[in-house]
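Take a look at the structure below.
Laboratory data are not the source of any read-out in this text; all were calculated from the coordinates shown. A quick note: this is a predicted structure, and the numbers were derived from the prediction, not measured. All Cβ positions, glycine included, derive from the backbone under ideal geometry; neighbour counts span all protein chains shown.
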Amino acid sequence: MENFTFYAPTYFSFGDGSERQCGALVRRFGGTKVLLHYGGGSVRRNGVLDKVVASLTDAGIPYVELGGVQPNPRSGLVYEGIGLCRREGIDFILAVGGGSTIDSAKAIAAGVPYDGDFWDYYGTGKPVDTALPVGTVLTIAAAGSEGSPDSVITHEEGMRKWGASGEALRPRFSILNPMFTCTLPAYQTACGATDIMAHVCERYFTNTADVETTDRLCEAVLKAMITETPKVMADLGNYQARANIMWAGMVAHNNLCGVGRAQDWASHDIEHELSAKYDVAHGAGLAVVMPAWMTYVLPHDVQRFAQFAVRVWGCDMDFTDPERTAREGIARFRAFLSSIGMPQGFAALGAREEDIPALAAHIGLTGGRTLGGFVPLTAADVEAIYRLAL
Ligand code: NZQ
Ligand code: ZN
């Protein structure tokens, strides 16, 4: 295991009715005037926004609204939000929605106190050390942004979908009411489940030895997703299964499962090109990319893939041919994704084979740069993975 630090100080309030603490929590974490940030309207239609507003009003906290965040959030609204916060003297940003809304809120939070362009933080590794405080009311279990120090934004200029990170971006508090996720359509629910599982896999496939504790945590989260997701797909209003998935989404991405070990993240970057170009849901893109990536890198560490197959997917170990076991694990993962309605290839995403060279080139793996911590991938490797995903 490698040395590490772990500091994840988000305050979580979990369960039905937890949104009633929203106003008090804003106060507790220093907010006196809030930017209420949300997406395309689901929180209006399902009444979540009204509940949050009621809590802010009860606590006597003034707010300014900025809705309209779209999935795969864009820089345009971020610039608008930064200007609005400065003009209005906002000192706290409250995101009500999913990963896209939370990431947009984080980008605004980073941009308000910064003299330069907020985009300087994206795709550059420049850490966000100063930002307005952010709180979240989560409405979809997926991205894990409610507990992560990350934000992913698409810049309209060149459609670059890049991430920024920094401890200042970790939410001060997050309200997780599983009831709020019950209005999610089946497809969006499955996209979220896929993303959660991908966040674990990005950490699970590592070259670091002796990481039994985090291996086992990863396996536990994946196994919980394998039992709980079908329950929700069968009954979208299943509160208990929704609750388990909601917490799994947080645990999968606040790095509890990833400390002390090298991580990969190539599949995420390969997917971000798809969601930037075709505006597909991130989880749907991952469902296509991740099994292809696994198939491509399997020869690098057959034993680890065989372990994944046995411990997570319940395959029998073939000691004479561990690669057969490893391939069986990937096949079961693929079948699981298909069973929850996820796309299986480029066509189902609306992606085109002839775009593959441009997609791979757009990642920018030139001058010896590679992608991924498990197997360093060149642009040619990425192209091969896109072809396996056809
Ligand atoms: O916009 P509205 O109308 O709210 O509709 C949303 C949106 O269309 C809808 N939705 C959300 N909650 C709902 C609901 N519909 C009905 N009932 C509800 N309760 O769902 C759609 C998707 O929302 P979005 O926020 O885009 O989903 P998700 O949480 O999957 O976020 C995806 C974004 O997060 C990024 C992805 O790249 C993508 O841009 N990621 C962020 C990460 C992070 N910050 O740590 C890590 C992830 O790996 C990921 O890259
Ligand atoms: Zn993700």
log₁₀ I(q)/I(0) of the chain at q = 0.09 Å⁻¹, via Debye over equal Cα point scatterers, no solvent, to two decimals?
-0.50
For the chain, averaging the sequence separation of alpha carbon pairs under 8 Å that lie six or more residues apart and dividing by its residue count, the contact order in percent is 15
If one compares the long axis through the Cα atoms of helix 186-204 with the longest principal axis of the Cα atoms of the chain, the angle in degrees, nearest 10, works out at 70
Placing +1 on each Lys and Arg Cβ and -1 on each Asp and Glu Cβ in the chain, then taking the dipole about the Cα centre, the residue among Val310, Gly368, Ala248 whose Cα reaches farthest towards the positive end is Ala248
List the residues whose amide H sits under 5 Å from the amide H of Arg160, counting only those 5 or more places along or on another chain, with H placed 1.01 Å from N in the peptide plane.
His155
Enter the Cα centre distance for the pair the stretch 352-371 and the stretch 11-73, rounded to the nearest angstrom.
40
Summed side-chain charge close to Gly314 - residues other than Gly314 whose Cβ falls under 13 Å, Lys, Arg +1, Asp, Glu -1
0
What angle, in degrees between 0 and 90 and rounded to the nearest 10, separates the Cα long axis of helix 212-234 from the longest principal axis of the Cα atoms of the chain?
80
Given the C-alpha atoms of the stretch 139-237, compute the convex hull and give its volume per residue in Å³.
144
Inter-centroid distance (Cα atoms) of the stretch 260-330 relative to the stretch 115-186, Å:
25
Here D for the stretch 258-308, in µm²/s, from Stokes-Einstein with a Kirkwood Rh over Cα pairs at 4 °C and 1.567 mPa s, works out to 107
Can you pull out the trypsin sites (Lys or Arg not before Pro) in the stretch 313-389 whose DSSP state is coil and whose Cβ has at most 12 other Cβ atoms within 10 Å?
Arg369
Note, the stretch 249-264: 3J(HN,Hα) by Karplus (6.51, -1.76, 1.60, θ = phi - 60°), whole Hz, Gly/Pro = x, goes x, 6, 4, 5, 9, 8, 6, 3, 7, x, 6, x, 9, 5, 10, 9
Length gained, His300-Arg28, 0.36 nm per residue minus C-alpha separation, equals 93.0 nm
Apply the Karplus curve 6.51 cos²θ - 1.76 cosθ + 1.60, θ = phi - 60°, to the phi angles in the stretch 56-62 and return the couplings in whole Hz, x for Gly and Pro.
5, 5, 4, 8, x, 9, x
For the stretch 11-180, convex hull volume per residue from C-alpha positions, Å³
93
DSSP beta bridges in the chain [antiparallel fraction, %, rounded to 5]:
25
